[in-house]
2 protein chains.
Amino acid sequence: MELADGVLAGDQRAIARAISLVENEPTRAPSLIRQLFARTGQASVIGITGAPGVGKSTLVDRLVVECRDRGKTVGVLAVDPSSPFTGGSILGDRIRMQSHSGDEGVYVRSMATHGHLGGLSNATSDAVLILDASGCDLVLIETVGVGQGEVDIARTADVSIVVTIPDAGDEVQAMKAGIMEIGDVFVVNKADRSGAERAVFEIEGMLALREFKEDAWSPPVLKTQATTGEGVSDLLETVNRFSEESSESQERRRERVHFRLTELLQYTFIQRLEKQEHSRILVRDAVERVAKGEVDPYTAAADIMERVT
Amino acid sequence: MELADGVLAGDQRAIARAISLVENEPTRAPSLIRQLFARTGQASVIGITGAPGVGKSTLVDRLVVECRDRGKTVGVLAVDPSSPFTGGSILGDRIRMQSHSGDEGVYVRSMATHGHLGGLSNATSDAVLILDASGCDLVLIETVGVGQGEVDIARTADVSIVVTIPDAGDEVQAMKAGIMEIGDVFVVNKADRSGAERAVFEIEGMLALREFKEDAWSPPVLKTQATTGEGVSDLLETVNRFSEESSESQERRRERVHFRLTELLQYTFIQRLEKQEHSRILVRDAVERVAKGEVDPYTAAADIMERVT
């Protein structure tokens, strides 16, 4: 069976191979995605982001259970900042797969950083399309909301959930601020801890400073206890409500496509430079000259642009 | 006085204005950098990265003190994942500046994420050149080593210090793994805590799995207590030793320039597409068609590339 056919049939092994392909063989990704694209656009894509230690994974697992109870099929992409060097993400996959093993309606996958510029973001976009084409009703993308790259990935979702906890340390608070802007729904997890009400209040206070268009969705702040499942059903309801009520979804989709196209154009441009001997030599010479201090990087880049376009 | 002249004279206000310019006005950055570039290449650039809570800021402050004791001038760039939305980084600047206020030999600056693709990395590269041109002997770049973008920034340094602590939580451990590959020197901070020896042992174990070229620098694992300053002098000696002994510095410099040129070429290419009406319309139409599901992103990107190059 062709790989694309397997994905379209919802075969979990085909899905796994397809995601590995977009992760590791970017040159083969386009033809696969071309075969799948007509069948995409059905899944709701939900981003879940937050600092380390806020309980994102547990919350995602609870959301999966909640979705399954409602008869929905779910794909989970855990964007993992650990590297292939230690195999951390593979271990994580195994542990997380177990709790849903035997359930054909759930697919869980970690996406690891491979150190390529924009590689993770490209691969994650394609993995979302693969899960979408395979028939998932929901695709959950879990990211550690710290780095710019991770924020960019979260931005590709239809709806973004930002997860925090009561009384997070200073540095966690600072990080939280960076992802404040991208949240459509906010969650204070571990809400049994003292300070949960104050955390809700603080986030609401920060949101009050945000400028919203009139009639725009006003992000709610919910409380959950992922370990017991409390509040998770409400969270899913709220996410659904966002998808139905928000007028931003069309605009959001356009932004996401624009972001994706920009990434692809950048990537393709650099690939072309590397492919042609003429431009490859130009770049190599420019690197030498900049490294020797003979020319600044801006002038060198402008020179190359002159000669290749 | 011209801005560039002010920077070259080491004037702190000029430096501050110059860094704000490369952060906020990317179109004005090239002409500034062109004026400064001939005077760059003197500073040692040291990257310090680690998960939240390992004590990076305190360690950096101690390194600054140590450098000042040796008569060296220092610039610090704290790459801050918080956003302008909350002003977190500005506050951080103020607090951190105070401890060195009145010392003309120290310049501390936070670089905040502005949500632009590659914006932070571009701006940080330029800020390093500005500090270098202003006469800093050392430039310390402090990043939270979690996201790909932050790792990329750390990679631009002449030498990378990776900071950890004993008995970090699981998620912190996982993050640590992602930055393991980029470390030239490893530090177990808060070494008075129990488990410090074990942490050193673990890192050495992970390093043993790394493949090094023969005669290559073998990354040492040091212990520090940033709060008391213990071990910080040793750390600085080790960093200096790396700069002197390692044969990788030329190659490292070339890699860094190559990375920077690639970024600039990507950025310039997208800017050109946006500037010309012809290509701007092509991109806008492509976004519409992909958003409607009429064409997949790869085909759309390839079409645009066909027509503009």
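The values are calculated or read from the model by the stated rules, or taken from the named source; none is laboratory data. Keep in mind that this is a model prediction, so the values were computed, not measured. Here the Cβ positions follow ideal geometry from the backbone for every residue, glycine too, while neighbour counts run over all protein chains shown.
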Practice prompt. Residues being at pLDDT 95 or above and surrounded by 17 or more Cβ atoms within 10 Å (Cβ to Cβ): count how many of those fall in the stretch B:270-286.
Written response: 3
Worksheet, complete the sentence: When (1) more than 11 Å from every other protein chain (Cβ to nearest Cβ); (2) more than 27 Å from the chain's Cα centre (by Cα) are applied to A:Val239, the one that fails is (2)
Discussion item. Yes or no: the stretch B:245-266 includes at least one residue that is more than 13 Å from every other protein chain (Cβ to nearest Cβ), crowded, with 20+ Cβ neighbours inside 10 Å and in contact with a strand residue (DSSP E or B) (Cβ under 9 Å, 6 or more places away or on another chain).
Written reply: no
Item to complete: Take the stretch B:236-269 and flag every residue that is touching a residue at least 24 places away in the same chain (Cβ under 8 Å) and among the hydrophobic types (A, V, I, L, M, F, W, C).
Response: B:Leu236, B:Val239, B:Phe242, B:Phe259, B:Leu264
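Mind checking which residues of the stretch B:268-287 are more than 21 Å from A:Asp126 (Cβ to Cβ) and at the interface with chain A (Cβ under 8 Å from one of its Cβ atoms)? If you could, list the steps in order and put the result at the bottom.
In the first step, residues of the stretch B:268-287 are kept if they are more than 21 Å from A:Asp126 (Cβ to Cβ); the result is B:268-269, B:271-282, B:284-285.
Scanning the stretch B:268-287 gives B:Thr268, B:Phe269, B:Arg272, B:Leu273.
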Discussion item. Quick test for you: out of A:Ser44, A:Ser20, pick the one residue that is closer than 30 Å to A:Gln225 by Cα, at pLDDT below 95, among the polar types (S, T, N, Q) and surrounded by fewer than 22 Cβ atoms within 10 Å (Cβ to Cβ).
Written reply: A:Ser44
